[in-house]
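Some notes on the structure that comes next.
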Amino acid sequence: MDTPFACNMNALDAAQKERYKELTAKLNDSRQTIKELGDGYAFRFKAESRLILDAAEFIVYERLCCPFFDFELAVEQDSDRLWLRLRGQEG
């Protein structure tokens, strides 16, 4: 059974919403590239330890309100590239 394509805006409490906003702003400011995929988007960042942790924490919150996404974090071998990929069903 597919997860419905609907956000649950009540999934986060006030503190989580505040932290989610902070992480979103930080990731937006640090983003180097956006790549459209056939089933979502890929966001490239510099593979710094703090950004890897921030991206992972972002996923923790994002998947609570938007469980229909598949999330991927990838650090390229011999590179300073971090990729955050959000993929999902059509819609």
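The values are calculated or read from the model by the stated rules, or taken from the named source; none is laboratory data. Bear in mind the structure is a predicted one, so any value in this text is a computation, not a measurement. Because the Cβ atoms are built from the backbone with ideal geometry, glycine has one as well, and the counts that use them run over all protein chains shown. The accessibility values were calculated without ligands, DNA or RNA, using every heavy atom of the protein model including side chains. Shrake-Rupley method; radii C 1.70, N 1.55, O 1.52, S 1.80 Å.
Quick rundown of the values:
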| quantity | calculated |
| --- | --- |
| Length released on extending from residue 31 to residue 80, taking residue separation times 0.36 nm less the Cα-Cα span | 16.3 nm |
| Count of lysine pairs in the chain with Cα separation under 19 Å (8 or more residues apart, or interchain) | 4 |
| Net charge dipole size for the chain [Lys, Arg +1 and Asp, Glu -1 on Cβ; Debye, nearest 20] | 220 debye |
| Exposure ranking of 49, 79 by accessible area [1.4 Å probe, largest first] | 49, 79 |
| Protection proxy ranking of 81-87, 25-31 - average other beta-carbon atoms within 10 Å, highest first | 81-87, 25-31 |
| Stretch gain in nm, segment residue 52-residue 64, where the contour uses 0.36 nm per residue and the Cα spacing is subtracted | 2.4 nm |
| Whole-Hz ³J(HN,Hα) from phi, Karplus 6.51 cos²θ - 1.76 cosθ + 1.60, for segment 50-64, glycine and proline x | 5, 5, 4, 5, 5, 5, 5, 5, 4, 4, 3, 7, 4, 6, 5 |
| Peptide ranges 53-64, 37-48 listed from the most packed, as the mean C-beta count within 10 angstrom indicates | 53-64, 37-48 |
| Matching label, Cα extents along the principal axes in Å computed from the structure shown, candidates (1) 37, 24, 23; (2) 38, 32, 18; (3) 39, 32, 23 | (2) |
| Modelled FRET efficiency - R0 41 Å, residue 41 with residue 14, Cβ distances, 0.05 increments | 0.90 |
